[in-house]
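Trainee: Mind having a look at this structure? Questions to follow.
Taken together, the values in this text are just the output of simple stated rules run on the coordinates, not laboratory data. Keep in mind the model is a prediction, meaning the values are calculated, not measured. Cβ atoms come from the backbone with ideal geometry, glycine included; neighbour counts cover every protein chain shown.
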Amino acid sequence: MLCIAALGIHAWHQAEQGAIAARAAAEAAERQRATAMRERHGERDCADCPEMLVLPRGSFQMGSPAAKEGPQRRVAIDYAVSLAKYEVTRGEFEAFARATGYLPARDAQLPDRPTDHWRRPGFEQTDRHPVVNVTWQDAAAYVAWLRKITGGNYRLPSEAEWEYAARAGTTTQRFWGDGSDEACRYANVGDVLFAKTLTGVKGNLGLFHCTDGHAFTAPVGAFQPNPWGFHDMLGNAQEWLLDCWFDSHAGAPVNGAARLDGDCYRRVLRGGSWASGSDGTRVADRVRELVGYTQPFIGFRVARVD
Ligand SMILES: [Ca+2]
């Protein structure tokens, strides 16, 4: 009996070793394929794919003393992951929509809107502007398509990855410092030009008193990148993230993973937009929206686990 059991264990061990070797070979082939793709398209996995930047491994202090943005805690990003250098552009989203015939589900909340709402933000855009008026579901459909056509492990960034990339080693409210006076040099924010479009709106909206040159969206990369090379992490389009909403960072993962245990009908948005004032243009600021909700200032960027 003992001998038969031992033989059984031996056979199981051999099968397991074989499976591990096969997995390692498949992973090596996949890495080789991904490298070959990048050599063909630079930092893109395909001609119409977003340009990606590798996040340096490390750790950072996430959040702020504000209740919704705390408790502040140390988060480590100790795995290979890249984030897109820019927000997904109108041209990139159009390539996806053309290739797949994608039609967003009609939003039950906004039945008067056409289904291709991302093509109708209400202002002029070129292919280099960030795609906006997209729901979280639209963003999820786009990353699923990227995964399918490239084989790369694309998904939306986690809150931790996003804030790590947005801070880029800085500890201030914005990568350029704590003051908001310089915002118009570094980001497309709710500026004087945007304020002029708000005829009849009363009250202090906390908008910026400078001019950044864009009343609505700006082409991606029109402003200086942060120290790690990411553009428009603050301003331009507010960005959908993977995390389900939770009212604070209490109990959130500290290893960079997205929080998927909160209210998953609402997802996190970060970074503020062309319509945001000073308070909404901070790396620690976080807001929530329903997954089927959209606005002409809501877009996204992608992440890829490497
Ligand atoms: Ca602006």
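Trainee: Work through the residues other than Ala215 whose Cβ is under 12 Å from its Cβ and net out their charges, Lys, Arg +1 and Asp, Glu -1. Don't skip to the answer; put the middle values down first.
Mentor: Numbers: positive: Lys196; negative: Glu124, Asp191, Asp212.
Neighbourhood net charge equals -2.
Trainee: How long is the gain from Tyr79 to Thr172 if the chain were fully straight, where each residue apart is worth 0.36 nm and the alpha carbon distance is subtracted? The partial results should precede the final answer.
Mentor: Working: separation 93, 0.36 × 93 = 33.48 nm, distance 2.47 nm.
Result: 31.0 nm gained on full extension.
Trainee: Taking every eigenvalue of the Cα gyration tensor of the stretch 160-306, multiplying by 5 and rooting it, what semi-axes result, largest first, whole Å? Mind showing how you got there, number by number?
Mentor: Details: eigenvalues 128, 66, 37 Å².
In descending order the semi-axes read 25, 18, 14 Å.
Trainee: Related question: List the extent of the Cα atoms of the chain along each of their three principal axes, largest first, rounded to whole Å.
Mentor: That works out to 87, 44, 39 Å along the principal axes.
Trainee: What is the Å³ per residue value for the convex hull set by the Cα atoms of the stretch 266-306? Before the final figure, lay out each step's value.
Mentor: Working: hull volume 3.8 nm³, N = 41.
Here the figure is 94 Å³ per residue.
Trainee: Right, next: Please compute the net charge surrounding Gln61, taking Lys and Arg as +1 and Asp and Glu as -1 over other residues with Cβ under 11 Å from its Cβ.
Mentor: Values: positive: Arg73, Arg74, Arg167; negative: Glu163.
That works out to +2.
Trainee: Tell me, Ile149, Ile20 in order of fewest to most beta-carbon neighbours within 10 Å? Each step should come with its number before you reach the end.
Mentor: On the way: Ile149 16, Ile20 10.
Ordered from fewest to most neighbouring Cβ atoms within 10 Å, Ile149, Ile20 come out as Ile20, Ile149.
Trainee: Let me ask something additional. Please give the net charge around Ala140, taking every other residue with its beta carbon less than 11 angstrom from that of Ala140, where Lys and Arg add +1 and Asp and Glu add -1.
Mentor: Working: positive: Arg147, Arg155, Arg267; negative: Asp138.
With Lys, Arg at +1 and Asp, Glu at -1, the net is +2.
Trainee: Rounded to the nearest 10 degrees, what's the angle between the helix 90-100 long axis and the longest principal axis of the chain, both from Cα atoms, 0 to 90?
Mentor: 50
Trainee: Angle, helix 2-41 long axis vs. longest principal axis of the chain, Cα atoms, 0 to 90°, nearest 10?
Mentor: 40
Trainee: Over the stretch 50-195, one equal point on each Cα, no solvent: what is log10 I(q)/I(0) by the Debye formula at q = 0.10, 0.13 Å⁻¹?
Mentor: -0.47, -0.79
Trainee: So for Lys148, Lys202, fewest C-beta neighbours within 10 Å to most, what's the order?
Mentor: On the way: Lys148 12, Lys202 6.
Ordered by Cβ neighbours within 10 Å, fewest first: Lys202, Lys148.
Trainee: Over the Cα atoms of the stretch 135-222, compute the convex hull volume and normalise it per residue, giving Å³. Each step should come with its number before you reach the end.
Mentor: On the way: hull volume 13.5 nm³, N = 88.
Once divided by residue count, the hull of the stretch 135-222 is 154 Å³.
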